[in-house]
Amino acid sequence: MNITVIGPGAIGCLLAAYLTRAGEEVSLLDYRLKRVTLLQDRGIAVDGERETFHTPIKATAYLTEIRSTDIFILCVKASDTAVVAATLKDAIPPESHLLTLQNGMGNREKLSESFGSDRVFAGATSHGATLLEVGRVRHAGYGEIWLGGTSGSNSSQASQAILQNLAATMNRAGLQAHVVDDIESILWSKLVVNVGINALTAILGVPNGELLKTPTCQNIMDRAVAEAVQVASGCGIKLQLPEEIERVRAVCNSTAVNISSMLQDVQRQKKTEIDQINGAVVRMAASLGMASPVNEVLTALVRGLEAGYNVEGDKP
Ligand code: PAF
């Protein structure tokens, strides 16, 4: 398959490396020329518990250098989705599809506004990845990928075929992908995981597994998750509370050594996805007339961390 991964962060590098190694035609698109040059020189090294491998990568800053793409996979920060959509709106050929594999809520909707809902797929992953430096990623938790498109009769046969083909391609690459009917529930479940883990790890500066070692931490995590589950229910998504708390703990365990994406952002002094994760819960709760005090505090604390960055921040 011809695949263009947009964004050379931890998940972007992980996908690009696995898919390239499996023999797919993969390009990695990045707006920063200096980083593109480094990626072209170094390729991508994946450092995993099960295996370590290196692959050359076709990195570019110019869409015009990519001959054809069946699917663009967005792995940029959720806060950048609107900018990426506006930049690529007229540049992406009409036959190409897009998949958002980003954290947070609202990415699919933003992309659909520019490209039409039939061309946009949504996905979630439980793979844990940490970017060690440009082009070097630790595969810290072996997870899965769930993919879904527009449900029901709105989805064309061509879109369905692309989605199935993508899942098969990812499976051949060893990425454990599934096409699901109800991607919305999966996106909510992923949001709940990020709500429980990301802000807390960023505030405390600890790997995911550490959250399970302190009862007070677990308590905050459980309460943040409970608020998100209530908001989900207000939005018509039925998630069960004890199961969701257990699931978030299980992800903490399976990605115990992982540095969450939000902590990685804080360490690099980059804007975090707090507004699309805990902040999104707070906004949705308010619109439903619900309270979300734990998520409010977590959101405020992460914004406080961002406000304290040094001016020269924004490291690669
Ligand atoms: O954002 C992250 O870091 C990941 O989604 C997860 C699953 C919390 C693992 O670190």
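Let me see the P(r) profile for segment 96-209: every Cα-Cα distance counted, bins of 5 Å, each bin given as a percent of all pairs.
2, 11, 19, 22, 19, 14, 8, 4, 1, 0
Using only Cα atoms, what Kirkwood radius does segment 196-256 have, in angstroms?
Every distinct Cα pair counted, the radius reaches 11.8 Å.
Tell me, how many Å apart are the Cα centres for segment 21-64 and for segment 271-291?
34 Å
Taking the Cα centre as origin and putting +1 on Lys and Arg beta-carbons and -1 on Asp and Glu beta-carbons, what dipole magnitude results for the chain, to the nearest 20 debye?
The calculated dipole for the chain is roughly 520 debye.
Can you give me the Rg/Rh ratio for segment 20-165, using Cα atoms for both radii and the Kirkwood formula for Rh?
Taking Rg over the Kirkwood Rh, I get 0.96.
Quick one: work out Rg over Rh on the C-alpha atoms of segment 215-316, Rh as Kirkwood radius.
Taking Rh as the inverse mean 1/r over Cα pairs, Rg/Rh reads 1.00.
Could you please put S68, S287, S159, S189 in sequence from largest to smallest accessible area, using a 1.4 Å probe?
In descending accessible area the options line up as S287, S68, S189, S159.
If you add up the charges near S27, with Lys and Arg at +1 and Asp and Glu at -1, over every other residue whose beta carbon is less than 14 angstrom from its beta carbon, what do you get?
Spelling it out: positives minus negatives among the neighbours equals -3.
Ignoring ligands, DNA and RNA, what percent of the 1.4 Å accessible area of segment 157-316 is carbon and sulfur?
Carbon plus sulfur share of accessible area: 56 percent.
Where both residues lie in the chain, what percent of DSSP beta bridges are antiparallel, nearest 5?
Of all bridge pairs located within the chain, approximately 35 percent are antiparallel.
222 nm [θ] for the chain, helices only, -39500 (n - 2.57) per DSSP H run of 4+, per residue, to 500?
Here the helix-only value at 222 nm equals -14500 deg cm²/dmol.
Between E243 and T52, what length in nm is gained on full extension when 0.36 nm per residue of separation is reduced by their alpha carbon distance?
Full extension of this stretch gives 65.4 nm more.
With the cut-off at 18 Å, report for segment 17-78 the share of all Cα pairs above it, as a whole percent.
For segment 17-78, the share of Cα pairs beyond 18 Å comes to 40 percent.
Using a 1.4 angstrom probe, figure out how much accessible area the chain has per residue, in square angstrom, rounded to the nearest whole.
43 Å²
Please report, largest first and rounded to whole Å, the three semi-axes of the ellipsoid equivalent to the chain, where each semi-axis is the square root of five times an eigenvalue of the C-alpha gyration tensor.
Values for the chain, descending: 29, 23, 19 Å.
Cα-Cα pairs above 13 Å in segment 49-108: how many percent?
Looking at segment 49-108, the distances longer than 13 Å represent 70 percent of pairs.
In nm, give the distance between the simple-model label positions of Q164 and E95, each being 7 Å from the Cα along the Cα-to-Cβ direction.
2.0 nm
Where the centre of each part is set by its Cα atoms, how far does segment 122-146 sit from segment 227-270, in angstrom?
Segment 122-146 and segment 227-270 have Cα centres spaced 15 Å from each other.
What's the longest bit of the chain with no exposed GluC sites (Glu not before Pro), using DSSP loop states and at most 11 other Cβ atoms within 10 Å as the test?
96-311
The values are calculated or read from the model by the stated rules, or taken from the named source; none is laboratory data. Model, not experiment: these values are computed from the prediction. We place every Cβ from the backbone using ideal geometry, glycine too, and count neighbours over all the protein chains shown. These area figures cover heavy atoms from the full protein model, side chains too; ligands, DNA and RNA do not enter into them. Shrake-Rupley method; radii C 1.70, N 1.55, O 1.52, S 1.80 Å.
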